[in-house]
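The values are calculated or read from the model by the stated rules, or taken from the named source; none is laboratory data. Keep in mind the model is a prediction, meaning the values are calculated, not measured. Virtual Cβ from ideal backbone geometry, glycine too; neighbours counted across all protein chains shown. Ligands, DNA and RNA are stripped out before the accessible areas are found, and what is left, the full protein with its side chains, is counted by its heavy atoms. Shrake-Rupley method; radii C 1.70, N 1.55, O 1.52, S 1.80 Å.
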Amino acid sequence: MELYLIRHGIAQDKDLGIKDEERSLTTEGRQKTQKVAEKLVKLGLNFDLILTSPLVRARQTAQILIAEKLSSQLEESSYLTHDGQISGWLKDWLEPRNYSQNTQLALVGHEPDLTNWAEILLWGEVKASLVLKKAGMIGIKLPENGSPLGRSQMFWLTPPKYLL
């Protein structure tokens with residue numbers, strides 16, 4: 001199985017007096033995310049499912065991916081909000097669904113959570129080594145059997161500037 005961890009696009013500043021969960025993408029954020037999505041289509045990507053954080057900026061990012069036909073299915077998960085735990089997501093969400101090894105899932109969320117998840121999947125612990133820019137993506141291949149924690153392989157780490 002392949003997981004694509006996608007950070008939301010550029011959002012409104014925190015200091016504008018808007019609740020964090022209601023911060024939306026800026027015009028620049030929408031435009032850049034749109035261009036990234038178009039490039040992913042040209043690269044031939046297609047996700048079986050896009051799973052998104054319920055926060056506005058992540059949902060808007062996921063909706064851009066859906067509009068570009070990168071997937072026909074979109075779901076929200078509270079595990080993708082700030083401080084969501086990968087162990088809970090694996091146990092409560094991923095394992096019960098029993099996806100095939102050919103499945104490609106896109107997870108749209110926030111930092112530092114997405115890089116923390118990636119590092120736990122790769123090394124079994126958070127090392128604060130990976131950097132995921134807004135509208136950037138990390139691709140991780142999960143092992144066929146057993147726990148993916150500390151046993152997965154990264155095959156993609158792309159900042160958006162290389163996709164624009």
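Out of (1) out of contact with any Lys or Arg (no Cβ under 6 Å at 6 or more places or on another chain); (2) open to solvent by 80 Å² or more (accessible area, probe 1.4 Å), what's the single condition that is false for residue 155?
In the conditions (1) out of contact with any Lys or Arg (no Cβ under 6 Å at 6 or more places or on another chain); (2) open to solvent by 80 Å² or more (accessible area, probe 1.4 Å), residue 155 misses (1) alone.
Taking residue 44 as the residue in question, decide whether it is among the small types (Gly, Ala, Ser) and not in a helix (DSSP H, G or I).
Details: among the small types (Gly, Ala, Ser): yes; not in a helix (DSSP H, G or I): yes.
Yes: the conditions hold for residue 44.
Take the residues in region 29-51 that are without any contact (Cβ under 8 Å) to a residue 24 or more places away in the chain and of a type outside the set (A, V, I, L, M, F, W, C); name whichever of them is surrounded by the fewest Cβ atoms within 10 Å (Cβ to Cβ). So that I can check it myself, show each step before the final result.
Within region 29-51, the subset without any contact (Cβ under 8 Å) to a residue 24 or more places away in the chain is 31, 42-44.
Adding the requirement that they be of a type outside the set (A, V, I, L, M, F, W, C) leaves 31, 42, 44.
Working: 31: 15, 42: 9, 44: 6.
Filtering first and then ranking leaves 44.
Pairs only if they're at least six apart or on different chains, beta carbon under 9 angstrom, first in region 140-164 and over 30 Å from residue 31 (Cα atoms), second in a loop (DSSP other than H, G, I, E, B) and open to solvent by 80 Å² or more (accessible area, probe 1.4 Å); list them, first residue then second.
Within 9 Å, the pairs are 142/151; 143/151; 150/125.
In this structure, is residue 161 crowded, with 18+ Cβ neighbours inside 10 Å, of a type in the set (D, E, K, R) and under 23 Å from residue 44 (Cα atoms)?
So residue 161 fails the test.
Tell me which residues, restricted to region 114-164, are touching an Asp or Glu at 6+ places or on another chain (Cβ under 7 Å), more than 21 Å from residue 94 (Cβ to Cβ) and charged (D, E, K, R).
127
Across region 73-101, what is the number of residues that are within 20 Å of residue 153 (Cα to Cα) and either touching a strand residue (DSSP E or B) at 6+ places or on another chain (Cβ under 6 Å) or in contact (Cβ under 8 Å) with a residue 40 or more places away in the chain (or both)?
Of the residues in that region, 6 qualify.
Provide a single number: the residues in region 9-20 that are among the acidic types (Asp, Glu) and open to solvent by 90 Å² or more (accessible area, probe 1.4 Å).
As a first pass, look at region 9-20 and keep what is among the acidic types (Asp, Glu): 13, 15, 20.
Among the residues that remain, those that are also open to solvent by 90 Å² or more (accessible area, probe 1.4 Å) are: 13, 15.
The qualifying residues number 2.
Residues that are open to solvent by less than 30 Å² (accessible area, probe 1.4 Å): find the strands (runs of 3 or more DSSP E) completely inside region 69-151 holding 1 or more of those. Steps first, please.
Working: elements: 74-76, 104-109, 137-141.
Ranges flagged: 104-109, 137-141.
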